[in-house]
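The values are calculated or read from the model by the stated rules, or taken from the named source; none is laboratory data. What you see is a predicted model, and the numbers here were worked out from it, not measured in a lab. Cβ: placed from backbone, ideal geometry, glycine included. Neighbour counts: every protein chain shown. For the accessible areas, the whole protein counts, side chains as well, though only heavy atoms, and no ligand, DNA or RNA atoms are used. Shrake-Rupley method; radii C 1.70, N 1.55, O 1.52, S 1.80 Å.
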Amino acid sequence: MTSHPTAGADSPKPAFELKAATFTLPVIRLLGIDMDAVADQLGVKVDQAPDFFRNTPVVIDLSGLPPGAGQIEFPLLVGLMRGFGMIPVGIRGGTEEQHAAAEAMELAILGDAFVRRTPPREAASQPDPRPAPRPAASPASAVAEEGVHASQRLVTRPVRSGQRVYAPGGDLSVVAPVSHGAELMADGNIHVYGPLRGRAMAGMKGDISARIFCQDLQAELLSVAGHYRISENIPDEVKGVPVQIFLDGDVLRVEKL
Amino acid sequence: MGKTTTSAALAMGLAQRGHRTAVIDFDVGLRNLDLIMGCERRVVYDFVNVINGEANINQALIRDKRCDALYVLPASQTRDKDALTKDGVGRVLEELSKTFDYIVCDSPAGIEHGAHMAMYYADDAVVVTNPEVSSVRDSDRMLGILSSKSRRAERNEAPIREYLLLTRYAPERVAKGEMLSVNDVREILSLDLLGVIPESKAVLNASNSGVPVILDTESDAGQAYHDAVGRYLGEDLPHRFLEIKKKGFFSRLMGG
C-alpha cells in the first residue's frame, strides 16, 4: 500500500468521504389512487420520452392526493414504475399511514422543506438529471459536426429521423432541416434555421431561461427545462412561421418572432 | 419499393455507356437480382462463396449477355445473412474496385445487417423511395444511418454523396391527393432528385422477363432510368413524366 502524501505512513487510507450533494429528481405527484389510471398516463409519458425515464430515480409526491384518499398500493405502484424503467427512490408528503406503507416497500421518506411546488400537469416531465444522456447505447447516433467551442455545437447537415444531437453545457445551432423523429437536445438554447419537424429539448439540465428559436415550426415536441408541449397542443397560427419558445413561469409559451 | 429494379437499371445504364460495372446482390436468402438480370440459370458460385474463399471472384461474376461491360455477382439463396462479414465484404469490394469503374450494391430492405453491409463501404448512395409518407420516413432514417454508420463516417472522411430516386410515381394519384408530390418528397428529405420513375407496367414486365427496364427504351420508366443515369454522371436533364399524361396523339407531340 502506498502512503498518502498528507497522511502519516501508519494511518490507513480513508475508504470514503462523507459529503452532501443536491440532485434534481423528477417527481410524480399523485392526484388519485387509481393505479390503472396512473399506469395509462405513465405509459403515454414514457412513450413520448423513453430516455428521460430509463434508470431514472423518481420521487413519488403524495401531497396532491385528496384528504382521506385511502391507502396507496405501493407494491403495485413501485412495480409499475420499475416496469417503465424508473427507479422509485422515495416519497414526500402524505400521512403517517402512507409513510409506514412506503417504508415497508423500502422507499425513503423525504422532507419537502426546500422543494419548490410544481403544478401537477408538468410534474412528471422533469428532465433526466443524469449528466449526459448521450445516445451511445442507443442504435441512433448523433451527427458529428462539432463547432470550435466546447460549449456550442453547430450542425450543418440535415438531422434525420432517428438521429439525436446533444449539445452538453451549451447551445445547439442547426443550419439544416430537422426531420420527423429526430431529436435535438441542449443544456442551453436551441436554434434551428430550417424546418423543425422533430423534437427539440432546451435546458436539458433544468435551465428555465433556455429558449428554442426556429424559422419554421412543425415540431412534434418542444420542451424547455422539462416543461413540454406536443404537436397537438401547439396552436396552428404559430406553425410554419418563425417563433421562439420559452418558459413563462410554468407555462411554455410559443411566440411569433 | 424498387431497389433491385433500380440497381439493375442503373448498373445496365452505366455499363451501356461503356463503364465497367459490377452489380452485387446483398439480399442473401432472398436473391432476386439475378432473376431481374435474367441470369438466374447461369449462377454457379455466389457472393458468400467468394467471401468464404470457396471460389474466386472471377468464377462467381456472371457476364451479362447483352452488355460486355456489365457483370453480376449473385447472392446466395441458401446461406444466412450473417455470412456477410464486414471484412469479407471489404475484401471483395477492394478486389472488384481494381478492375471495375462502378460497383452497384443492391441493398436488402430494412436497416438490418445486410443493408448495413451494402452501404458501409459506399462512396455514393442512391436512396430509393416511394411517394408515400411511411416510405419517405424510412428513407429519412436510412439517410441518417448513411451519414453516421458508414466507413466514411467512422473515419471522419467526406460523407457519402446522397442521391434520391423516387419510384412508382403516379401523377394522377398525386393530383387526387393519394400520393406525395415530387416537391413534398424533396422538401421532407431536403435532397435533390436523381430521377422520378413513373409507375409503369413496363417495370413489372421487365422484371418478369429478366430484362432490366432501362433496356425497354419505348417505356416511360426505361427512359426515366436512362435520364437518372445521365444525371448521376453529371448531365443536366429536366425531369420528365411529372405531369398527368394527356390522351391521344397530343401526348406524343409533347414527347410523352
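Scan the stretch A:175-188 and report the pairs whose first residue is more than 13 Å from A:Ile212 (Cβ to Cβ) and within 11 Å of another protein chain (Cβ to nearest Cβ) and whose second residue is in a loop (DSSP other than H, G, I, E, B) and among the β-branched types (Val, Ile, Thr), with Cβ atoms within less than 7 Å and a gap of 6+ or a chain change.
Pairs that qualify, where the first residue is more than 13 Å from A:Ile212 (Cβ to Cβ) and within 11 Å of another protein chain (Cβ to nearest Cβ) and the partner is in a loop (DSSP other than H, G, I, E, B) and among the β-branched types (Val, Ile, Thr), are A:Ala176/A:Thr156.
Quick check on my filter: what residues within the stretch B:93-137 are among the acidic types (Asp, Glu) and in contact (Cβ under 8 Å) with a residue 24 or more places away in the chain?
Across the stretch B:93-137, the qualifying residues are B:Glu95, B:Asp101, B:Asp106, B:Glu112, B:Asp123, B:Asp124, B:Glu132.
Since A:Met201 meets every condition but one in (1) without any contact (Cβ under 8 Å) to a residue 40 or more places away in the chain; (2) surrounded by 17 or more Cβ atoms within 10 Å (Cβ to Cβ), which condition does it not meet?
It is condition (1) that A:Met201 fails.
Consider the stretch A:189-202. How many of its residues are aliphatic (A, V, I, L, M), within 12 Å of A:Leu222 (Cα to Cα) and within 14 Å of chain B (Cβ to nearest Cβ)?
Total meeting the criteria: 1.
How many residues does the stretch B:17-76 hold that are touching a residue at least 40 places away in the same chain (Cβ under 8 Å), in contact with a helix residue (DSSP H, G or I) (Cβ under 6 Å, 6 or more places away or on another chain) and among the hydroxyl-bearing types (Ser, Thr, Tyr)?
Summing the residues that are touching a residue at least 40 places away in the same chain (Cβ under 8 Å), in contact with a helix residue (DSSP H, G or I) (Cβ under 6 Å, 6 or more places away or on another chain) and among the hydroxyl-bearing types (Ser, Thr, Tyr) in the stretch B:17-76 gives 2.
Can you tell me which residue among B:Asn183, B:Asn156 is at the interface with chain A (Cβ under 10 Å from one of its Cβ atoms), over 20 Å from the mean Cα position of the chain (by Cα) and without any contact (Cβ under 8 Å) to a residue 12 or more places away in the chain?
Values: B:Asn183 fails: at the interface with chain A (Cβ under 10 Å from one of its Cβ atoms).
The unique qualifying residue is B:Asn156.
Within the group B:Asp220, B:Asp216, which residue is more than 14 Å from the chain's Cα centre (by Cα), modelled with pLDDT of 90 or more, under 14 Å from B:Tyr169 (Cα atoms) and not polar (S, T, N, Q)?
Exactly one of B:Asp220, B:Asp216 is more than 14 Å from the chain's Cα centre (by Cα), modelled with pLDDT of 90 or more, under 14 Å from B:Tyr169 (Cα atoms) and not polar (S, T, N, Q), namely B:Asp220.
Residues that are more than 20 Å from A:Tyr228 (Cα to Cα) and open to solvent by 40 Å² or more (accessible area, probe 1.4 Å): list the strands (runs of 3 or more DSSP E) wholly contained in the stretch A:15-92 that include at least 2 such residues.
Passing ranges, in order: A:87-92.
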